[in-house]
Amino acid sequence: PFYDVSMDDWYYDAVAYVYDAGIFTGTADTQFSPHLTMDRSMLMTGFYRLAGSPQREMDQATATFTDVPESAWYYKFVRWAATQEITAGIGDNKFGPAVQLTREQVVTLLYSFATRYMGRTLDGRADVTGYSDYDKSSEWARDALSWAVHYGVLDESWAGENTLGGHQYADRAEVSAMLAAFAEKIL
């Protein structure tokens, strides 16, 4: 139903998947905004829906952050994700709901979702040391990047040939593709 997603776009199938599965909605009735950078509040909302929208867990969530007011549309999703230990926020009792996410941050949070929330053991790793921008990736993200490449959750073609693009901001199209690949290969 989105005017800004065409069947010719590389991300069409991924956006169709996340929309049909109810993981992401549009930013408006007829807009998906595929090139809008993913922020922390959007991703936690997607994780909740990917988890099957567990209402009981939502009702029992107790985590709070000083920068997440109860009136915010994302309040309950952030609260759920923090209670499930998918995220701990950004420090100083702040969550950073509008903080834009890089690709390495997205895969690190997705790895946390898979292992901490879903209890999955994800042993496979790819050797990512040969990527031209490996040294630019954050040390704390390297294991998650290796995991994501091994399972096909992260596609180097979005960043360029032989690059991980870990420090590049991830847009809604890329995150949709990551979640679609995750659902296909991990769930």
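General observations
- Within segment 125-141, the residues that satisfy the criterion of being buried (at least 19 other Cβ atoms within 10 Å of the Cβ) and aliphatic (A, V, I, L, M) are 128, 141.
- Answer from 113, 95 - the residue that is in contact with a Gly (Cβ under 9 Å, 6 or more places away or on another chain) and of a type in the set (Phe, Trp, Tyr): 95
- All positions within segment 88-102 that are in contact with a strand residue (DSSP E or B) (Cβ under 9 Å, 6 or more places away or on another chain) and either open to solvent by less than 10 Å² (accessible area, probe 1.4 Å) or modelled with pLDDT under 95 (or both): 96, 101
- Being in contact with a helix residue (DSSP H, G or I) (Cβ under 8 Å, 6 or more places away or on another chain) and either over 30 Å from residue 20 (Cβ atoms) or free of Cβ contacts under 8 Å to residues at least 60 places away in the same chain (or both) is a property that does not hold for residue 113.
- In segment 38-52, residue surrounded by the fewest Cβ atoms within 10 Å (Cβ to Cβ) [restricted to those that are within 27 Å of residue 169 (Cβ to Cβ), of a type outside the set (Phe, Trp, Tyr) and without any contact (Cβ under 8 Å) to a residue 60 or more places away in the chain]: 49
- The residue list 69, 1 contains one member that is assigned to a loop (DSSP other than H, G, I, E, B) and at pLDDT below 95, which is 1.
- The condition (being over 13 Å from the mean Cα position of the chain (by Cα), hydroxyl-bearing (Ser, Thr, Tyr) and at pLDDT 95 or above) is satisfied by just one residue among 48, 12: 12.
- Residues in segment 72-87 that are in contact with a Phe, Trp or Tyr (Cβ under 9 Å, 6 or more places away or on another chain), in a loop (DSSP other than H, G, I, E, B) and either free of Cβ contacts under 8 Å to residues at least 12 places away in the same chain or open to solvent by 60 Å² or more (accessible area, probe 1.4 Å) (or both): 85 alone.
- Members of segment 103-124 found to be charged (D, E, K, R) and open to solvent by less than 50 Å² (accessible area, probe 1.4 Å), listed by number: 103, 104
The values are calculated or read from the model by the stated rules, or taken from the named source; none is laboratory data. Just so it is clear, the structure is predicted and the values come from calculations on it, not from any experiment. Positions of Cβ are generated from backbone atoms using ideal geometry, with glycine treated the same way; all protein chains shown enter the neighbour counts. Side chains included, ligands, DNA and RNA excluded: accessible areas come from the protein's heavy atoms. Shrake-Rupley method; radii C 1.70, N 1.55, O 1.52, S 1.80 Å.
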